[in-house]
Each structure stands twice: as structure tokens, then as C-alpha cells.
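Please read through the structure below; I'll follow up with questions.
Only the coordinates and a few stated rules stand behind these numbers; no lab work does. Values in this document were obtained by computation on a predicted structure and should not be read as measured data. Quick reminder, even Gly has a Cβ in these numbers, built from the backbone with ideal geometry, and neighbours come from all protein chains shown.
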Amino acid sequence: MSPATTENPVLRISSVSRTYEEGELRVHALRDVSLEIPRQLFTMIVGPSGSGKSTLLNIIGCIDRASSGSVVINGTDLSSLNDTQLTRFRADHIGFIFQGFNLMPVLSVFENVEYALVLAGAPKRERELATEKILRDVHLYDQRHQRPNQLSGGQKQRVAIARALVKRPLLVLADEPTANLDSKTGAAIVRLMREMQRSAKTTFLFSTHDPHLMSHADEVFTIQDGRIVNHERRRNLEVVA
């Protein structure tokens, strides 16, 4: 396990494995993964395609379940929750940013972002104020009435960032969010996520196959064949109370 930098990390994973059955074939997507993520940091999981990055993020994000081991987020053991409770926990505490954007094409930019607060049950006026603010923060307020098909790839990903952060989640999971972008746009998106992570004082866990993005991270875990093979702290970290 990586050295703990706080007594109460936002995420603690202990001996997590995930095995899929495909007929008579057993696929070991994750093998005995253990790590801790301190609060309010920008952490990267780096590894090639098929290394287990997405599987790990799906388990952390309450989309999939581990075959064995434990995942504890802010003191809650995910294995203790039923499917309905997992859905509620995800809606209340976790934001997602995907490489495919996952925006709803029939909704405007404003409506796509606001929808995260609709799911959270926020009152209408609160939703409107929060959505307006976050769209200004990601420099998309002027595009608020446009549909996703009227946006560039970089703009779509900024909408996804706004949607992930508008409910002020405990943890934001970004699964290969720059994979469908050119290198210049991708670098700009990572800088924006870094800026938003600091201003929102939340925790980002970002997966990528691109080692060139590691310079943006506070710490980096390298995954290979479903195992964590290296952990590197890239900055001197202060304990977050």
C-alpha cells in the first residue's frame, strides 16, 4: 500500500481484485490493488490500454463491484451498500468526466450541467445559480443555450467538467478525458481541471495512458496488467485537515 499522507484519506482501497467470467475464460482485470488517495489532491493513474484503469475507476465510482477486497470512500465501505444505496452515494458524492463526454444531445449546455443537480434533488433556483456560476468558471456561459453538436471537442469536455463539479462532489473521477482530443486541447483541458480542482477544493482521480500529463499531478500511480507497480509523489504534500 502507498504511504498514507493523511490519517483520513478520501479513498482507501485494500486488496481489490476484479475477475470477469467469459464462458470458461477468467479475465483478471485487477489483481490485489491497494492504494490511498489523500483529500484535495490531483492524482493520476497511468497505464496502457487494458491495464485496468477504467475497471478501477468504475469500482470506485459505484458503477461496478470488486470481486474481492474493500473500497472505502470518506469512511463508507462500498461493499456495505446495496444497489440503490450505491446509486444514491454516487449521485451525492462522485462526479464523472468521460473521454466520450456523455452529454445528452437533446439538452442545451445549461441543461446538461443542471441535470446533475436535478438528480441530486436540488431546488430550481439553487440549480440555476450554481449552473450559471460553474459555466462562467469554465468560460462557457456564452454558449449556455447551444446543443452539444454545436460545440468543439474541447468545449464538450468543459461542459463535462462543469457537470461533474456543479454539485460540489467529494471526489471527481476522470477516465481518459483527453483521449479524444488533440494534444494542445488535451493539455488545456488538464490545466483547466487542475485549476478547478484547486478552486473547488475537491479530489481528482484522473486516468490516462499519456505519461506526458504526469507533470500536472500531485502524485501518480502506475498500473500494469491489473496491478499497481509504482507510486510516485511529485510534490511535497501538506496534510489537509
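With no solvent and one equal point scatterer per Cα, compute the Debye intensity ratio I(q)/I(0) for region 11-87 at 0.15, 0.20, 0.26 Å⁻¹ and report its log10, rounded to two decimals.
-0.54, -0.93, -1.38
What's the exposure ranking of SER79, SER54, SER207, going from fewest to most Cβ atoms within 10 Å? Write down the numbers at each step before the final one.
On the way: SER79 13, SER54 19, SER207 24.
Taking fewest neighbouring Cβ atoms as first place, the list is SER79, SER54, SER207.
From the residues SER15, CYS62, PHE42, which one has its Cα farthest along the dipole of the chain in the positive direction, the dipole being from +1 and -1 charges on Cβ of Lys/Arg and Asp/Glu about the Cα centre?
Among SER15, CYS62, PHE42, the one farthest towards the positive end of the dipole of the chain is PHE42.
Would you mind finding the longest exposed-site-free stretch of the chain, with exposed trypsin sites (Lys or Arg not before Pro) meaning DSSP loop and at most 16 other Cβ atoms within 10 Å?
Details: sites that count: ARG65, LYS201, ARG234, ARG235.
It runs 66-200.
Using Cα-only point scatterers and the Debye equation, what is log10 of I(q)/I(0) for region 11-233 at each q in 0.09, 0.11, 0.12, 0.16 Å⁻¹, rounded to two decimals?
The computed values of log10 I(q)/I(0) come out as -0.36, -0.54, -0.64, -1.11.
I would also like to ask the following. For every helix of n ≥ 4 consecutive DSSP H residues, a contribution of -39,500 (n - 2.57) applies; sum these over the chain, divide by its total residues, and give [θ] at 222 nm rounded to the nearest 500 deg cm²/dmol.
Values: 6 runs with 75 residues, N = 241.
The helix contribution divided over the chain gives -10000 deg cm²/dmol.
Put one equal scatterer on each alpha carbon of region 124-241, apply the Debye formula with no solvent term, and list log10 I(q)/I(0) at q = 0.12, 0.16, 0.22 1/Å to two decimals.
The calculated log intensity ratios at q = 0.12, 0.16, 0.22 Å⁻¹ are -0.49, -0.84, -1.36.
Identify the GluC sites (Glu not before Pro) of region 8-46 meeting these criteria: DSSP loop state and at most 13 other C-beta atoms within 10 Å of the C-beta.
GLU24
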